[in-house]
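A short worksheet on the structure shown next.
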2 protein chains.
Amino acid sequence: MVKLNALETPCLVLDWKRLTRNIAALHKRMQRLGVNLRPHGKTAKNIEVVNLAIAGQDGGITVSTLKEAEYYFANGIEDLTYAVGAAPVKLNRIAALIKKGARLKVILDSMDQARILAERAQMNDIVIPALIEIDSDGHRSGVRPDEPRLLEIGRFLHASPHTELQGVLTHAGASYDCRSVKSIRVMADKERDAAVRCADRLRRRDLPCPTVSVGSTPTANLARSLDGVTEVRAGVFMFYDLVMAGLGVCTVEDIALSVLASVIGHQKDKGWIITDAGWMALSRDRGTASQAIDQGYGLVCDINGCPLGNLVVSGANQEHGILADRSGTPDHGQHLRVGDMVRILPNHACATGAMHDRYHVVEGGIEVVAVLNRVSGW
Amino acid sequence: MVKLNALETPCLVLDWKRLTRNIAALHKRMQRLGVNLRPHGKTAKNIEVVNLAIAGQDGGITVSTLKEAEYYFANGIEDLTYAVGAAPVKLNRIAALIKKGARLKVILDSMDQARILAERAQMNDIVIPALIEIDSDGHRSGVRPDEPRLLEIGRFLHASPHTELQGVLTHAGASYDCRSVKSIRVMADKERDAAVRCADRLRRRDLPCPTVSVGSTPTANLARSLDGVTEVRAGVFMFYDLVMAGLGVCTVEDIALSVLASVIGHQKDKGWIITDAGWMALSRDRGTASQAIDQGYGLVCDINGCPLGNLVVSGANQEHGILADRSGTPDHGQHLRVGDMVRILPNHACATGAMHDRYHVVEGGIEVVAVLNRVSGW
């Protein structure tokens with residue numbers, strides 16, 4: 001069996017033990033709250049991981065690209081919610097997937113999109129199910145819960161013979177910028193309230209709303225009630241990351257993803273250790289920069305995954321990482337020699353994962369028990 | 001012929017006219033300064049582009065990964081400088097390339113690396129040429145010009161039967177953080193002085209130093225003299241980007257790379273336009289954040305590549321970009337409708353390019369004249 005220290009660096013390591021523990025914990029939480037989990041496939045971009053995340057759930061997933069949709073569908077998942085407003089240029093590809101048997105749902109928040117959707121669905125002679133996107137936190141897209149256009153879009157989707165009003169969907173992405181567990185709980189209430197309120201508005205006008213979909217990893221973890229909600233979407237929770245740890249949503253010990261790197265040099269007068277994992281391996285994500293603890297480009301662990309004190313990736317060039325002690329006292333990591341390997345926990349699992357084409361799977365130790373591919377692109 | 005508006009978004013667009021103009025301009029500059037250009041293959045990661053960049057030069061290139069080295073070698077380029085200190089775990093792969101006929105040079109800045117290199121070269125029964133990396137600006141790796149270890153490493157590489165002392169190499173990466181053309185010129189002088197001084201130190205001890213290699217796109221563009229230097233390395237200059245424009249190294253009209261995106265929605269009360277190009281398509285790079293003009297995640301142009309006033313990507317999620325006017329007055333881009341396409345100029349060409357697997361080549365217009373692949377990974 002190959003061990004991590006025989007791998008070429010940089011590469012992505014996935015701790016299957018932590019992954020299964022993280023998934024089991026959210027499954028349990030969803031069960032307690034009486035809600036189905038529709039895992040988001042955009043973080044893992046891998047069927048084995050997503051199969052684990054749908055076990056015991058209704059079987060549907062969320063995707064962020066049509067490439068993911070096609071990949072997961074080819075691997076047996078038929079119920080897919082494409083949770084990014086579909087660009088018109090993508091609608092024929094969406095139609096092709098539906099014709100093959102995918103139960104693919106799109107989202108939209110304007111009459112322009114609804115009309116284009118109905119037109120293209122008619123041209124392709126199919127029915128495309130759609131959810132109305134709700135803006136629960138002002139961070140991005142969506143109809144505000146009080147806007148008249150909610151009903152206008154709902155009526156149009158319901159009346160058009162080639163579209164099917166599937167319900168409402170919202171994502172409280174602003175929860176990533178919260179500063180406390182308390183504020184995430186407030187955000188979770190807002191997210192649920194917005195979705196449930198919109199569902200009520202539609203139903204009061206005799207419009208169908210079978211799906212009331214909410215979700216983000218922080219709100220999924222901290223919501224106290226999901227009454228009225230039918231499904232929760234989350235993706236990062238499978239791996240977690242330093243941003244989530246900084247939010248109090250997980251601990252550093254829950255983080256299942258890391259980047260294996262080799263030490264290639266030192267600048268001893270500065271206490272710097274240089275590795276071969278730069279931003280090409282870690283991503284440019286600096287999500288912890290605005291948190292209480294700035295983890296640089298990642299927190300440094302030994303090859304077994306144990307943090308080396310306050311050692312972080314303080315700087316990153318394309319193929320170089322600079323390790324330095326966050327507290328400024330270069331105590332930790334000074335034993336590291338050229339050729340030694342470290343594992344770097346990422347700020348943002350989605351962004352770091354995206355820089356790689358495969359996972360090297362371990363189960364707590366350093367033996368590589370499997371290599372799993374990731375899908376990428378659009 | 002396919003036009004840009006028929007492509008699925010997001011995708012990468014390369015303007016071949018701007019590319020050839022940028023390359024010709026630096027070739028002319030290098031000729032005037034009497035120095036060979038060793039283009040860096042890490043930005044383009046594509047043989048057609050790099051072949052254009054070596055035309056009329058000595059034919060060697062720089063690479064940042066062994067994947068690039070193998071790719072360019074398979075495509076006919078034999079003279080390769082791998083400008084990242086080689087992790088020991090990569091040395092057998094380096095040896096394999098050399099055995100196949102690649103004139104691959106490595107860089108190092110410590111006796112530890114030199115000893116490991118000599119040992120592995122001996123095990124593989126080959127000679128590996130190496131350059132000593134010099135720290136000319138304190139930004140990363142390298143031996144400081146005055147350090148005794150320069151001579152220690154030089155003597156070792158020269159004496160060992162399995163290593164060959166090839167010379168010195170430095171990269172003034174701190175030039176990216178300069179605030180004026182004047183300070184880049186100072187940096188270019190420092191970069192050259194450090195390399196030439198180290199070459200002199202080696203030669204005075206009768207150690208060979210055929211190569212004196214310097215380079216970064218800013219210093220290559222603004223150096224007033226390169227006396228004593230034998231080659232310049234640069235990569236970004238082929239495409240340029242907003243960081244380079246912010247430094248005064250190029251203009252916005254020189255930028256050859258852009259990301260094609262579709263409008264998928266609006267938040268009209270905020271003046272926001274939502275597109276399908278988020279950080280997955282643009283990268284998380286925020287290199288202009290610390291410059292005089294913060295371009296967000298990129299400057300927005302129409303489909304022909306003309307900037308839409310001060311419209312920038314003010315926010316980016318994984319697959320969503322938020323366009324807003326940099327000046328706060330939402331005048332520009334308000335004509336954009338769902339399905340319209342825009343082109344986004346990147347902060348950092350290397351980082352944005354890395355998110356894609358191919359280029360859609362145009363020649364000033366919107367006709368796609370070629371599709372060229374990019375290599376990725378390690």
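The values are calculated or read from the model by the stated rules, or taken from the named source; none is laboratory data. These figures come from a predicted structure and were not determined experimentally. As a convention, Cβ positions derive from the backbone with ideal geometry for all residues, glycine included, and neighbour counts pool all protein chains shown. Each accessible area value is taken on the protein alone, full model and side chains, heavy atoms only, with ligands, DNA and RNA left out. Shrake-Rupley method; radii C 1.70, N 1.55, O 1.52, S 1.80 Å.
Quick one: helix A:16-33 against the long Cα principal axis of chain A, what's the angle to the nearest 10°, folded into 0 to 90? With rounding to tens, the tilt is 40 degrees.
Hey, what number do you get for the protein assembly as shown at 222 nm if only DSSP H runs of n ≥ 4 count, each worth -39500 (n - 2.57), divided across all residues, to the nearest 500? Calculated at 222 nm, the ellipticity per residue is -9000 deg cm²/dmol.
Translational diffusion coefficient of the stretch A:145-233 at 37 °C, 0.692 mPa s, Stokes-Einstein with Kirkwood Rh over Cα pairs, in µm²/s as a whole number. List each step's numbers first, then the result.
On the way: Rh = 13.5 Å.
Estimated diffusion coefficient is 243 µm²/s.
Put simply, the amide H of residue A:79, placed in the peptide plane, has neighbours under 5 Å in A:61, A:103, leaving out anything fewer than 5 places away on its chain.
Can you give the Rg to Rh ratio for the stretch A:245-292, taking only C-alpha atoms and Rh from Kirkwood?
On the way: Rg = 13.7 Å, Rh = 13.2 Å.
With Rg and the Kirkwood Rh in hand, the quotient comes to 1.04.
In the full protein context, chain B carries 35 Å² of accessible surface per residue, based on a 1.4 Å probe and ignoring ligands, DNA and RNA.
Rg of the Cα atoms in the stretch A:226-378, relative to 2.2 N^0.38 Å, amounts to 1.07. The contact between chain A and chain B removes approximately 4800 Å² from the accessible area (both sides summed; 1.4 Å probe; ligands, DNA and RNA excluded). Remark: the stretch B:42-196 projects, on average over all directions, an area of 9.6 nm² (convex hull of Cα atoms). Just in the stretch A:158-250: which trypsin sites (Lys or Arg not before Pro) are loop by DSSP and have at most 16 other Cβ atoms within 10 Å? Here the sparse-neighbourhood loop sites are A:179, A:205, A:224.
Here the Debye sum runs over all C-alpha atoms of chain A as equal scatterers in vacuum, and log10 of I(q)/I(0) at q = 0.14, 0.15 Å⁻¹ comes out as -1.12, -1.24. Its residues counted as N, the stretch B:1-62 yields a C-alpha radius of gyration over 2.2 N^0.38 Å of 1.36. Under 20 Å of direct C-alpha separation, and excluding same-chain neighbours fewer than eight residues apart, residue A:28 reaches these lysines: A:17.
Beta bridges assigned by DSSP with both partners in chain B are antiparallel in approximately 50 percent of cases. For the stretch B:362-378, the Karplus equation 6.51 cos²θ - 1.76 cosθ + 1.60, evaluated at θ = phi - 60°, returns couplings of 10, 10, x, x, 10, 7, 7, 8, 6, 10, 10, 7, 10, 9, 9, x, 10 Hz by residue, with Gly and Pro reported as x.
Values of log10 I(q)/I(0) for the stretch B:72-117 across q = 0.13, 0.17 Å⁻¹ run -0.29, -0.48, by the Debye formula with one identical scatterer at each alpha carbon and no solvent.
For the residues of B:135-143, the average number of beta carbons from a partner chain within 10 Å of their own beta carbon is 4.
Short to long, the 5 Å bins of the Cα pair-distance histogram for the stretch B:291-378 hold 3, 12, 20, 24, 19, 14, 6, 2, 0 percent of all pairs.
Can you give the average number of partner chain beta-carbon atoms within 10 Å of each beta-carbon in peptide A:79-86, as a whole number?
Working: counts 0, 0, 0, 1, 1, 8, 10, 4.
Other-chain Cβ atoms within 10 Å of each residue's Cβ, averaged: 3.
For the protein assembly as shown, which whole percent of the accessible surface, found with a 1.4 angstrom probe, sits on carbon and sulfur atoms?
On the way: 12680 of 26130 Å².
Taking all protein chains in place, the protein assembly as shown shows 49 percent carbon and sulfur surface.
Across the stretch A:272-283, rounded Karplus estimates of 3J(HN,Hα) from the backbone phi angles (6.51 cos²θ - 1.76 cosθ + 1.60, θ = phi - 60°) give 8, 10, 9, 10, 9, 10, x, 6, 5, 9, 9, 6 Hz, Gly and Pro being marked x.
The ellipsoid equivalent to the alpha-carbon distribution of the stretch A:303-346 has semi-axes of 15, 14, 11 angstrom, derived from the gyration tensor eigenvalues as √(5λ) and listed largest first.
Step through the table entries A:42/A:67; A:3/B:90; A:270/B:67; B:42/B:90; A:90/A:190, compare each Cα-Cα distance with 20 Å, and write down the pairs that go over it. Could the numbers behind the result be given before it?
Working: A:42/A:67 10 Å; A:3/B:90 16 Å; A:270/B:67 31 Å; B:42/B:90 18 Å; A:90/A:190 32 Å.
As for pairs spanning more than 20 Å Cα to Cα, those are A:270/B:67; A:90/A:190.
Overall shape: prolate for the stretch B:227-314, with the ratio a/c of the largest to smallest alpha carbon gyration tensor axis at 1.5 or above and a/b above b/c. Each part reduced to its alpha carbon centroid, the stretch A:207-269 and the stretch A:119-140 end up 26 Å apart.
For the protein assembly as shown, just say rounded, prolate or oblate: build the C-alpha gyration tensor, square-root its eigenvalues into a ≥ b ≥ c, call rounded for a/c under 1.5, and beyond that prolate if a/b exceeds b/c, oblate if not. Prolate shape, in that a/c is at least 1.5 and a/b is the bigger ratio. Averaged over the residues of peptide A:263-270, the number of Cβ atoms from other protein chains lying within 10 Å of each residue's Cβ is 6.
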